[in-house]
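Engineer: Dropping a structure here in structure tokens format, bear with me for questions.
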Amino acid sequence: MKYVIMFTFDPELDAQVSEERMQGLYGRANQWYGENAAQIVDGGAQLQPVETATTVKYGESGSVVVDGPFSEAKEVVGGFSVIDVPDMDAAIALVRTWPFLELPGWGVEIRPILTIASQSEE
């Protein structure tokens, strides 16, 4: 089953992490991608900082374009990948090995990808 994994973090907490530690974690993250290549369908992408975001959302007289993300949360999505594993338990087991999870404020959201087959099963 395919899942999107979205890497979230709190930019204020990340700003407190030393450059040396961050570089070490990026190196381990690259290694993680290599070790798990068989389960990663799409390497995804790291996203530009949240300040570069633009959101298009509902407005009473039509869609409205606003600067920045629409979410009110402190955490932001910093990147994503698509994985293909047997089930949610396997997805959780894989995500638990993500190196950045040792930092406060980091998380990985896991969402099953909706397919035409799964829509017809409902």
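Engineer: What number of residues in region 57-112 are within 16 Å of the chain's Cα centre (by Cα), modelled with pLDDT of 90 or more and assigned to a loop (DSSP other than H, G, I, E, B)?
Structural biologist: Looking only at that region, the number is 7.
Engineer: Of everything in region 1-31 that's small (Gly, Ala, Ser) and in a helix (DSSP H, G or I), which residue is nearest to Arg96 (Cα to Cα)?
Structural biologist: Ala29
Engineer: So, in region 15-45, of the ones that are surrounded by 12 or more Cβ atoms within 10 Å (Cβ to Cβ) and touching a Phe, Trp or Tyr at 6+ places or on another chain (Cβ under 8 Å), which residue ends up modelled with the lowest pLDDT?
Structural biologist: My answer is Gly43.
The values are calculated or read from the model by the stated rules, or taken from the named source; none is laboratory data. None of the values given here were measured: they were computed from a predicted structure. Glycine also receives a Cβ, built like all others from the backbone with ideal geometry; neighbour counts cover every protein chain displayed.
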